[in-house]
1. Take each of the peptides 50-59, 36-45, 1-10, 73-82, average the number of other beta-carbon atoms within 10 Å over its residues, and list them starting from the highest.
2. Spin-label point model (7 Å from Cα, Cβ direction): what's the Ser22 to Leu39 distance in nm?
3. Would you mind calculating the gained length between Asn90 and Tyr63 on full extension (0.36 nm times residue separation, minus the Cα-Cα distance), in nm to one decimal?
4. Using label points projected 7 Å from each Cα along Cα→Cβ, tell me how many nm separate Val32 and Gln51, to one decimal.
5. Report the Cys residues of the chain lacking a disulfide-compatible partner, meaning no second Cys Cβ under 4.7 Å from their Cβ.
6. In deg cm²/dmol and to the nearest 500, what is the mean residue ellipticity at 222 nm of the chain if only DSSP H runs of at least 4 residues count, each as -39500 (n - 2.57), divided by the residue total?
Amino acid sequence: MMMDRAHLDCSIKLIGNLIFGSVVAPSVLKIVRPSGQALVDDWVCLKIVVQAFKSHCGSLTQYGMKYMRAFANICNEGVSKDAMEEACGNVCGSYNSAKWSPFIHGYSA
């Protein structure tokens, strides 16, 4: 379970660094919008970004849901589906999601 969480944490950080650069990424991924403003401008984009991550890096699980704001911020910054696919592929291309899947090993967050 800890390896799966570490993989998620590291993957999100590296994807952010590839898309925005290592100096800007930490602040962009953690932006909190003002109260009353939607989490994301384009809900379809959010779905696409999550699917791109899932297809390359594995399931988010309940623990990974904490990164929904980061995914929303990626969309709010206008990152394309192709850029997200490329970043996820570069970061997680060789990751064997089945090896550490909490669903296969019988644990969840």
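1. Details: 50-59: 19.2, 36-45: 12.8, 1-10: 14.6, 73-82: 17.1.
Top of the packing list down: 50-59, 73-82, 1-10, 36-45.
2. 3.0 nm
3. Working: separation 27, 0.36 × 27 = 9.72 nm, distance 2.25 nm.
Full extension from Asn90 to Tyr63 adds 7.5 nm.
4. Each label point is offset 7 Å from its Cα along the Cβ direction, giving 3.1 nm.
5. Cys10, Cys88
6. Working: 8 runs with 72 residues, N = 109.
Helix-only estimate at 222 nm: -18500 deg cm²/dmol.
Coordinate-derived values only; no laboratory data. Since this is a predicted model, take the numbers as computed values, not measurements. Cβ: placed from backbone, ideal geometry, glycine included. Neighbour counts: every protein chain shown.
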